[in-house]
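Report on the following structure.
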Amino acid sequence: WAKAGKGANHMGPPLTQLRNYYGEEVAFYFAWLSFLTRWLFVPAISGLVINIARRYRGDTIDTCDLTPLHGILMFLWATCFAKAWERYECTLAYEWGTFSMSGYMHEHRNVRPEFRGEMRIS
């Protein structure tokens, strides 16, 4: 995927070609790695900025006022990352026709086979 040219995808592996050759499981693995790598730039940049500020001020990691801020930022980042991956995973599963096989359908359906009664909107 490192080749240049018209229509080349510079942001990650060629997922469609990987899917066609190796199957969905391998393609999802490479999609996950590519997605994670792109999203890790946020904590890397924030950690670098906080580390530079800490060293400039002469603080230790225990006495730096920015450490709790970094923790809160990482909490928000992790929440957004998990939701964004779930959306991207569902998009790929829908495009590849494997959405019904994904865990999302089974986790978010409230249909119970033991239910007896009239089906209606609550």
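Here are some notes:
- Charge context of residue 18, other residues only, Cβ under 14 angstrom, K/R +1, D/E -1: -2
- Separation of the residue 45 and residue 26 label points, Cα + 7 Å toward Cβ, nm: 3.4
- ³J(HN,Hα), Karplus 6.51/-1.76/1.60, whole Hz, each residue of segment 18-35, x for Gly, Pro: 5, 4, 5, 8, 9, x, 5, 4, 5, 5, 5, 4, 5, 5, 4, 4, 5, 5
Computed from the coordinates by the stated procedures, all read-outs in this text should not be read as laboratory data. Quantities reported herein were computed from a predicted structural model and do not represent experimental measurements. Note that each Cβ is placed from the backbone with ideal geometry, even for glycine, and that neighbours are counted across all protein chains shown.
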